[in-house]
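Participant: Take this structure, written in C-alpha cells, and hold onto it; I'll ask about it next.
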Amino acid sequence: RPLVVALFGGTGVGKSSLLNRIAGEPIARVGVERPTSREVTLYLHKSIELADLPPELPLDRIEIRRHHHDGSRDVLWIDAPDIDSAEEANRRCALAWLPHTHLVCYVVSPERYKDDAGWRILRERGDRHGWMFIINRWDEGHAVQREDFARLLGEAGFETPLIAVTSCAADRRPTPTP
C-alpha cells in the first residue's frame, strides 16, 4: 500500500498549484473560479493499478494522473477539494479521504493562515495521521506571519508543528541580495 499524502486546505490557497509544482507539470486544474477543484486528483506511479489499492478507498469522484518517477513510486498524492467549500459535496469528497490519509499537508496562504476552520474540521475527524503545514504563496508573506501561524497552531495543541513555506507562482524570480 502506498503512503497516502493529501493536500488539504481552504479555498484559493494553491493546493492544486502545489501539486503541479511537485509533479513538475500541470496535472491539476487551477484557476480563479471558486471552487476550482470539484474532485480529488490522485497523482500516482504508473505501476500502481487502482485494483491494487485498498478496496475501501473512495474512488467515485477522482481524476487520475500518473508519473514515472521511481523515487515516488510508493507515494499516492491527493489534491482534495476545498475543506471549507460552500458546496457540501466538495467538503464531503475531501473528508472521505481523511481516514485513508497518512500525512495531512494542510495548505494555507499568507492572507488565509488565520482561518482555522479547515484544520479544525480535519483534526476533529481523527488524529491518526502525521501533520505538516504549508504556507503557499510565500512570495506574498512575511516572517511574522509564519511565527504567528506557529503560535496559533501551538495554542490549538500542535506542540511543535512542522511548517514549510513555498511559492508556486509561475513568474517567481530570485530575491536580489544586497
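The values are calculated or read from the model by the stated rules, or taken from the named source; none is laboratory data. Note that the coordinates shown come from a computational prediction; the quantities given were computed from them, not determined experimentally. Note: ideal-geometry Cβ built from the backbone for every residue, glycine included; neighbour counts use all protein chains shown. SASA here: full protein model, heavy atoms, side chains in, ligands and nucleic acids out. Shrake-Rupley method; radii C 1.70, N 1.55, O 1.52, S 1.80 Å.
Participant: Looking at (1) surrounded by fewer than 16 Cβ atoms within 10 Å (Cβ to Cβ); (2) closer than 24 Å to G12 by Cα; (3) of a type in the set (D, E); (4) touching a Leu at 6+ places or on another chain (Cβ under 9 Å), which is the one condition that is false for D116?
Facilitator: (1)
Participant: Within the range 38-79, track down each residue that is open to solvent by 20 Å² or more (accessible area, probe 1.4 Å) and touching a Ser or Thr at 6+ places or on another chain (Cβ under 7 Å).
Facilitator: E63, R65, R73
Participant: Any idea which of I121, I135 is closer than 22 Å to L57 by Cβ and either open to solvent by 30 Å² or more (accessible area, probe 1.4 Å) or at pLDDT 90 or above (or both)? Steps first, answer last, please.
Facilitator: Values: I135 fails: closer than 22 Å to L57 by Cβ.
Every option except I121 fails the conditions.
Participant: Still on this structure: When the residues of the range 90-113 are filtered to those that are open to solvent by 20 Å² or more (accessible area, probe 1.4 Å) and in contact (Cβ under 8 Å) with a residue 40 or more places away in the chain, which remaining residue is nearest to L162 (Cα to Cα)? Walk me through how you get there before you give the answer.
Facilitator: Filtering the range 90-113 for residues open to solvent by 20 Å² or more (accessible area, probe 1.4 Å) gives 91-92, 95-96, 99-100, 102-103, 111-113.
Those still in the list that are in contact (Cβ under 8 Å) with a residue 40 or more places away in the chain too: 100, 102-103, 112.
On the way: H100: 21, H102: 15, L103: 12, R112: 18 Å.
Out of the qualifying residues, it is L103.
Participant: How many residues does the range 90-140 hold that are over 18 Å from I78 (Cβ atoms) and not in a helix (DSSP H, G or I)?
Facilitator: Step one: of the range 90-140, the residues over 18 Å from I78 (Cβ atoms) are 109-117, 120, 124, 127, 135, 137-140.
Remaining after also requiring not in a helix (DSSP H, G or I): 109-116, 127, 135, 137.
Qualifying residue count, the range 90-140: 11.
Participant: Determine the pairs where a residue that is within 16 Å of A117 (Cα to Cα), located within the range 144-157, has a partner that is open to solvent by less than 30 Å² (accessible area, probe 1.4 Å) and assigned to a helix (DSSP H, G or I) with Cβ atoms under 8 Å apart, the partner being 6 or more residues away or on another chain.
Facilitator: That search, which allows pairs on different chains as well, returns A156/W119.
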